[in-house]
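Written below as structure tokens is the structure these notes are about.
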Amino acid sequence: MGAGRTGGRWIEQWDPEDEVFWKQTGEKTARRNLIYSVLSEHIGFSIWSVWSVMVLFMGPQYGVDPAGKFFLIATATLVGAFVRVPYTFAVARFGGRNWTVFSALLLLVPTIAAFVVMEPGTSYGTFLLVAALTGVGGGNFASSMTNINAFFPLRKKGWALGLNAGGGNIGVPVVQLAGLLVIGTAGAAHPRILLGAYVPLVLVAAVLAAVRMDNLAPVKNDTGAVKESVRQAHTWIMAFLYIGTFGSFIGYSFAFGLVLQTQFGRTPLQAASLTFIGPLLGSLIRPVGGSLADRFGGARITLGTFVAMAAATGVVVLASVRESLPVFLVGFIALFILSGLGNGSTYKMIPGIFQNQALARGMTGEAADAYGRRLSGASMGLIGAVGALGGLGINLVFREAFLSSGSGTGAFVTFLGFYALCCLVTWAVYLRRPAPSRVVAPHTETEPQLSTV
């Protein structure tokens, strides 16, 4: 480690693809950083999604209708999507450890702001502003994924990125479970208990990151890589697919409780007792999606996921038409689980795509590895940001459906059509023969298998 830079712990040399280095020192250091990155990202997701819980506390005395509530959580989603881009590049500019500390402390701003304003009589504009502030929690994902991507070798990225993202995603059901605890014990009139509990947790995450994490000096912002990734068709294709997986996960996570209240007449306590189940299962299974992609190929797992998501959406549409809550819950929770699998498999595809492109261009060894790291690191922020916009789209579609018909059925029909399109894109670009396009197929990470796009 070098001490010549400002801001604390810097590692000057890092080569995870060197197996000797990895076994001797790299793996231990990477795993340590992964643990504390997960913790900070976890708290970030909780704060980002806290308005999915706050709307459950907002009874008639708040004067906000269901459409207004959907717009509150859509606003948090929108800001979280946009801040992912600067957060991605902040890692190289300031160091992964340093930025993790800062971004964790920044979560105090929306948490304390919500604590202050969360009471009847507050204007809707104020609620909207505070909901927008929580978007900074969505940025933590981008910086964390970029940072962890640099720590691990390609053969371990599916597992590491899946675990990092899954541990972060689980912040959504955790804050929803905490909301259930507050509503079930203190009642729906006390949202400040939940918000106050997160202040010390934010501080703990920041302190542990400062003490236990490292900055990687070799990680630098590469303007050329950013420009090249923007020009790459694969960047935007993967962003589109990530809308279908992560966009679904975060959009449904934010909207689930409100849909239960609005369409099925559940009380705040009844809704809160169900809301966390889907996000919890979707978060826990995300590392499995990454591991399956490592073994069987990211494109195969992704296509299978979208086919299953379309089928699950069909179940939800049927349940919505028949107003069957048990069937609706089965289909909706299946959507969460499948979106979690797809989150892991799509993110695994990204470094493999650019690694294979390098090999197809005749690069070998470290040159190919470096190219793959450059392009995947540059593209992840863009892909993550666009994918998060899918959550915004889901909440806006729900808002329009409930405004026009009082039911979410029309929204689910729209989602079904989108998943069918995702199936078609995945198959056509990465699996269709005779194009040798099985991106990250098992045991072929050294073969230049690319699509023709």
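The values are calculated or read from the model by the stated rules, or taken from the named source; none is laboratory data. Keep in mind that this is a model prediction, so the values were computed, not measured. Neighbour counts run over all protein chains shown; Cβ positions are idealised from the backbone, glycine included. Note: areas computed on protein heavy atoms with side chains; ligands, DNA, RNA excluded. Shrake-Rupley method; radii C 1.70, N 1.55, O 1.52, S 1.80 Å.
Listed values, structure above:
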| read-out | value |
| --- | --- |
| Gln270, sole failed condition from (1) open to solvent by 10 Å² or more (accessible area, probe 1.4 Å); (2) in contact (Cβ under 8 Å) with a residue 40 or more places away in the chain | (2) |
| Any hit, segment 64-85, residues being of a type in the set (Ser, Thr, Tyr) and under 28 Å from Leu133 (Cβ atoms) | yes |
| Flag if Gly417 is modelled with pLDDT under 90, open to solvent by 40 Å² or more (accessible area, probe 1.4 Å), more than 30 Å from Ala358 (Cβ to Cβ) and not aromatic (Phe, Trp, Tyr) | no |
| Within segment 55-123, helices (runs of 4 or more DSSP H) holding 2 or more residues that are closer than 23 Å to Leu396 by Cα and at pLDDT below 95 | 66-94 |
| Near pairs, Cβ below 6 angstrom, 6+ apart or cross-chain, from segment 12-36 (on the phi < 0 side of the Ramachandran plot) to any residue that is open to solvent by 50 Å² or more (accessible area, probe 1.4 Å) and assigned to a loop (DSSP other than H, G, I, E, B) | Trp14/Pro218; Phe21/Asp15 |
| Meets criteria (open to solvent by 10 Å² or more (accessible area, probe 1.4 Å) and at pLDDT 95 or above) for Val50 | no |
| Segment 208-226, residues that are assigned to a helix (DSSP H, G or I), modelled with pLDDT under 85 and not β-branched (Val, Ile, Thr) | Gly224, Ala225 |
| Answer residue from segment 151-181, given it is part of a helix (DSSP H, G or I), at pLDDT 90 or above and open to solvent by 10 Å² or more (accessible area, probe 1.4 Å) and is nearest to Leu281 (Cα to Cα) among those | Val174 |
| Test for Leu72: is it within 29 Å of Pro268 (Cα to Cα), among the hydrophobic types (A, V, I, L, M, F, W, C) and open to solvent by less than 20 Å² (accessible area, probe 1.4 Å) | yes |
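Yes/no per residue for (1) closer than 14 Å to Gly278 by Cα; (2) in contact with a strand residue (DSSP E or B) (Cβ under 6 Å, 6 or more places away or on another chain); (3) among the charged types (D, E, K, R); (4) at pLDDT below 90:
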| position | (1), (2), (3), (4) |
| --- | --- |
| Gly290 | no, no, no, yes |
| Asp294 | no, no, yes, yes |
| Gly304 | no, no, no, no |
| Val307 | no, no, no, no |
| Val315 | no, no, no, no |
| Ala319 | no, no, no, no |
| Val330 | yes, no, no, no |
| Leu335 | yes, no, no, no |
| Ser339 | yes, no, no, no |
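So that you can scan it fast, the table gives a plain yes or no per residue for (1) crowded, with 22+ Cβ neighbours inside 10 Å; (2) more than 20 Å from Pro153 (Cβ to Cβ):
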| site | (1), (2) |
| --- | --- |
| Ser345 | yes, no |
| Ile353 | yes, no |
| Leu375 | yes, no |
| Ser379 | yes, no |
| Ala385 | yes, yes |
| Cys423 | no, yes |
| Leu431 | no, yes |
